[in-house]
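Data block below; observations after.
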Amino acid sequence: MYSNDSVIGTPFCNKSQNGNGTPNAFFAFGNPNPVLQMQGIVKEFAGTRALDEVDFDVRPGEVHALIGENGAGKSTLMNVLAGRFDDYTGLITFDGRQVRITSPRQARNMGIAVIYQELSVLPNFTVAENIMLGDEKAQRWTRKLDRASINAGARKIIEYLRFDLDPDEPVGQLSKARQCLVEIAGALRRNIRLLVFDEPTASLGSEDIDKLFGVIKDLRDRGLAMVYISHRLAELPIIADRVTVLRDGRMVGTKAITDCRISELTRMMLGHDLAEAFPQKTNRPGKVILKAEGLTRPGVFENISFELREGEILGIAGLVGSGRSEIVRAIFGADDARGTVEFRGRPIVGRSPSLCRALGIGMVPENRKREGNITGRTMAENLNISILDRLAGRLGFQSPRNLAAHATRMIKQMKIDPPRPQMDIQDLSGGNQQKVIVGRWLAAESKVIIFDEPTQGIDVGTKSQMYRLIIDLARRGRAIILISSELIEIAKLADRILVIRDGRLVREMQGRQTDEDALFAECGRKDKSE
Ligand code: ADP
Ligand code: MG
């Protein structure tokens, strides 16, 4: 059995507290020996190999990214670490000792914490209560929770981590990103040696991602070992030191992030060139339909001006946090901004999402769970929302038969599989949910459609269908704005590309003249003055 004695912990476990109460560093910084070493890990589910001889290690003061397509085995590998299985084979060495991890409690006691995408904070409890949950000292004497000592303990951690959190605030009222901070603080209160993030940014906005990255970098500087699971390649150079690629349960390779190109990582992840997934482009840009001028939101983006043509695919490229999503949200009227947006030569006065919808501007948002589909409704209901909107004023009534026929038509056109209109929207795969949202804007006959990360979290097959659909929309004269962290999608699909750096439009490029590596260099380049 693993013993805690040799572990040098965080400043908040008793052992590492030095005499005068000032926190020490996490532990021996600069120590080249891995905190964790996994060798030849095999895990099967009912005969199928989810992990096939995987090797993986993490050093102190390192963010080791673990990447791969959906189903590659990333979560399973981390679940082995978290003690979720007792039937894996292979060797695990942790802090220099060979261990078998067979229960979540054992993993916790060893100092392994996993932050899942679905956070495990308790919404009805305060920040302090969530952080200190399960702390014995706080309840030792009275058997009741001692509020003063809980708040004092939590405050100390929050201050040490420099998190912007109020100990008394109920967690349910916080944004997703701040709930994530609460969970991190709760993990770091314990005796932590290794922190794992399982796709933490999948449901965060770009400002929140920025904040989270700041926190991760800070923890790295303090010597903590971290694993960062993602399938967004473009964020890796910002956050990772090394990267390991998994494909179909096998390890493809481990590399220093400075040694690899995005195109190479994509190839390692997919096993082939993604270029094959892109259909031939046959659209031809026509006359200007949308014109943005001097769009500014202080501190977020500044003086953004561009034109968009009918039948054009305009890509917006930038690193996570550069302000891409915020710019399109401002165009769509979801956020306020100074400056003007003209639609067919006339300024849109008092921009709002409903006005934009009425004019024929649609948006497929980045966060489809929160902003896209109406949960608790069926696929058919979600597909019909926009025609109800459009026809309500004229007719006031749509026969159920017409609606059913319309839904069936859209399901066919969007190739939604299984084609079951009565299915609850929550039960659909990510790819199908995305198709329902796109289908809605098609039904609404939108002239301009903004796609923000349209292929995030969907499988390769559906991605390829989505590319086809976008090109087809443009070919039929719709104007498209496309944001994607998969820079190859921008390079392959866009006719013209706006490069955004730190909220500024720094370059315009022709789509055909660039590739993902060049685009990435452009997005991440520092100005000479900096
Ligand atoms: P990733 O996190 O890389 O998307 P996972 O580790 O979740 O992938 O899944 C790897 C493979 O293992 C998939 O084929 C998945 O269906 C399978 N798998 C994962 N967890 C279970 C489970 N509890 N029972 C059965 N199969 C599972
Ligand atoms: Mg996973």
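Strands (runs of 3 or more DSSP E) fully within segment 446-530 that include at least 3 residues being open to solvent by less than 20 Å² (accessible area, probe 1.4 Å): 448-452, 479-483, 496-501. Against the conditions (1) under 27 Å from Gly333 (Cβ atoms); (2) touching a Pro at 6+ places or on another chain (Cβ under 7 Å); (3) modelled with pLDDT under 90, Gly524 satisfies every one except (1). Here Asp86, Asp55 are screened, and the one residue that is loosely packed, with under 13 Cβ neighbours inside 10 Å and either at pLDDT 90 or above or out of contact with any strand residue (DSSP E or B) (no Cβ under 6 Å at 6 or more places or on another chain) (or both) is Asp86.
Take the residues of segment 194-234 that are of a type outside the set (Ser, Thr, Tyr), within 16 Å of ligand 1 (Cβ to nearest atom) and under 24 Å from Pro60 (Cβ atoms): which is surrounded by the fewest Cβ atoms within 10 Å (Cβ to Cβ)?
Here the residue is Glu199.
When Met363 is tested against (1) assigned to a loop (DSSP other than H, G, I, E, B); (2) touching a helix residue (DSSP H, G or I) at 6+ places or on another chain (Cβ under 9 Å), only condition (1) is not met.
In the set Arg420, Arg409, which member is outside the structural domain of Asp198 (by TED's automatic domain parsing), part of a helix (DSSP H, G or I) and open to solvent by 10 Å² or more (accessible area, probe 1.4 Å)?
Going through Arg420, Arg409 in turn, just one is outside the structural domain of Asp198 (by TED's automatic domain parsing), part of a helix (DSSP H, G or I) and open to solvent by 10 Å² or more (accessible area, probe 1.4 Å): Arg409.
Does Leu233 satisfy the criteria of being out of contact with any Leu (no Cβ under 6 Å at 6 or more places or on another chain), at pLDDT below 90 and either within 16 Å of ligand 2 (Cβ to nearest atom) or of a type outside the set (Val, Ile, Thr) (or both)? No; evaluated as a whole, the condition is false for this residue.
Scanning segment 210-229 for any residue that is under 18 Å from Leu36 (Cα atoms), within 16 Å of ligand 2 (Cβ to nearest atom) and among the β-branched types (Val, Ile, Thr) turns up at least one such residue. Checked against (1) at pLDDT 90 or above; (2) in contact with a strand residue (DSSP E or B) (Cβ under 9 Å, 6 or more places away or on another chain); (3) open to solvent by 10 Å² or more (accessible area, probe 1.4 Å); (4) not β-branched (Val, Ile, Thr), Cys260 passes all but condition (1). Within segment 62-84, at least one residue is more than 16 Å from ligand 1 (Cβ to nearest atom) and in contact with a helix residue (DSSP H, G or I) (Cβ under 6 Å, 6 or more places away or on another chain).
Residues of segment 96-122 that are more than 26 Å from the chain's Cα centre (by Cα), surrounded by fewer than 19 Cβ atoms within 10 Å (Cβ to Cβ) and not basic (Lys, Arg): Gly96, Gln98, Val99, Thr102, Ser103, Gln106, Asn109. Any residue at all in segment 412-433 that's over 23 Å from Ser230 (Cβ atoms) and either of a type in the set (Ser, Thr, Tyr) or touching a residue at least 60 places away in the same chain (Cβ under 8 Å) (or both)? No, segment 412-433 has no match at all.
Residues are listed down the side, and each one gets a yes or a no for (1) closer than 29 Å to Glu310 by Cα; (2) at pLDDT below 85:
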{"site": "Gly350", "(1), (2)": "yes, no"}
{"site": "Ile374", "(1), (2)": "no, yes"}
{"site": "Met379", "(1), (2)": "no, no"}
{"site": "Ile385", "(1), (2)": "yes, yes"}
{"site": "Met410", "(1), (2)": "yes, no"}
{"site": "Ile425", "(1), (2)": "no, yes"}
{"site": "Ser429", "(1), (2)": "no, yes"}
{"site": "Val436", "(1), (2)": "yes, no"}
{"site": "Ile449", "(1), (2)": "yes, no"}
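In the same structural domain as Val506 (by TED's automatic domain parsing), over 13 Å from Leu295 (Cα atoms), modelled with pLDDT of 95 or more and touching a Phe, Trp or Tyr at 6+ places or on another chain (Cβ under 9 Å): is that true of Leu308 in this structure? It is false that Leu308 is in the same structural domain as Val506 (by TED's automatic domain parsing), over 13 Å from Leu295 (Cα atoms), modelled with pLDDT of 95 or more and touching a Phe, Trp or Tyr at 6+ places or on another chain (Cβ under 9 Å).
Any residue that is away from ligand 2 (no atom under 16 Å from the Cβ) and either of a type outside the set (S, T, N, Q) or free of Cβ contacts under 8 Å to residues at least 12 places away in the same chain (or both) - is there at least one of those in segment 75-85? Yes; the residues of segment 75-85 include at least one that is away from ligand 2 (no atom under 16 Å from the Cβ) and either of a type outside the set (S, T, N, Q) or free of Cβ contacts under 8 Å to residues at least 12 places away in the same chain (or both). Of the set (1) in contact (Cβ under 8 Å) with a residue 24 or more places away in the chain; (2) surrounded by fewer than 23 Cβ atoms within 10 Å (Cβ to Cβ); (3) within 16 Å of ligand 1 (Cβ to nearest atom); (4) not in a strand (DSSP E or B), all apply to Lys43 but (4). For segment 165-182, the candidate set comprises residues that are surrounded by fewer than 22 Cβ atoms within 10 Å (Cβ to Cβ) and part of a helix (DSSP H, G or I); within that set, the residue that is farthest from ligand 2 (Cβ to nearest atom) is Gln173.
The values are calculated or read from the model by the stated rules, or taken from the named source; none is laboratory data. Bear in mind that the values here come from a model prediction, so they are computed numbers and not experimental data. We place every Cβ from the backbone using ideal geometry, glycine too, and count neighbours over all the protein chains shown. Just the protein is used for accessible areas: all its heavy atoms, side chains included, with ligands, DNA and RNA removed. Shrake-Rupley method; radii C 1.70, N 1.55, O 1.52, S 1.80 Å.
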